[in-house]
Amino acid sequence: MSFLERKATQWSWTEEDQQLELNDNAKSIAFIQLIIFVPGIFLLPQYFTPLDGWLKLTLIAFYSMKSISVLSLTALGIFTISFRSNICFSDIKNAVAKGKESHQTISLKLSNGRYRQLYFKTESQYQEFLNFLNSHNIIKEERSLYWALPVNY
């Protein structure tokens, strides 16, 4: 078992607080990915010192574009992904569901514009959460199996 493997989301609903409590390892996986990828950007200049000419310029251009894309994706994640473990009912605007054979995901769109992604490994867990959404009149949108981002990205 890998330490980067996603754990299925365990959830519970508290009626008196009107809160959805989520338990998964999404925050730790995102933190580990930042630890792995972001420091690599700052280590790039050491590879350029022994090179001369066009090869050096080409590598600098390639790694600059790579650095910009990694930083852009990191910023996109910071501003659009939520890792909250307790979500009030009033904060949920809608849900975007995507089901595949291997796993199912539901992204809850929150009132602040961020998404909280829930990951289910079995069809029964997925259907149980969909039934919860329907019973609380939360709007659910189906997402295409071939598009990885939520509907409004």
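Within the stretch 77-95, residues that are at pLDDT below 90 have Cβ atoms under 8 Å from residues that are assigned to a helix (DSSP H, G or I) in these pairs: Gly77/Ala30; Ile81/Ala30; Phe83/Ala26; Phe83/Lys27; Phe83/Ala30, counting only partners at least 6 apart in sequence or on another chain. Restricting attention to the stretch 16-37, the residues that are closer than 13 Å to Gln117 by Cα, in a loop (DSSP other than H, G, I, E, B) and polar (S, T, N, Q) total 1.
Ser72 falls short of the stated requirement of being within 26 Å of Thr14 (Cα to Cα) and in a helix (DSSP H, G or I). Inspection of the stretch 129-140 identifies at least one residue that is free of Cβ contacts under 8 Å to residues at least 60 places away in the same chain, outside any helix (DSSP H, G or I) and exposed (fewer than 11 other Cβ atoms within 10 Å of the Cβ). Restricting attention to the stretch 55-95 and to residues that are among the polar types (S, T, N, Q) and closer than 30 Å to Phe132 by Cα, the residue that is surrounded by the fewest Cβ atoms within 10 Å (Cβ to Cβ) turns out to be Ser90. From the residues in the stretch 96-128 that are in a helix (DSSP H, G or I) and surrounded by fewer than 17 Cβ atoms within 10 Å (Cβ to Cβ), which one is modelled with the highest pLDDT? Looking at residues that are in a helix (DSSP H, G or I) and surrounded by fewer than 17 Cβ atoms within 10 Å (Cβ to Cβ), I get Glu128.
The values are calculated or read from the model by the stated rules, or taken from the named source; none is laboratory data. Predicted model, so just to flag it, every value in this text is computed and none were measured. Please note: Cβ atoms are built from the backbone with ideal geometry, for glycine as well, and neighbour counts cover all protein chains shown.
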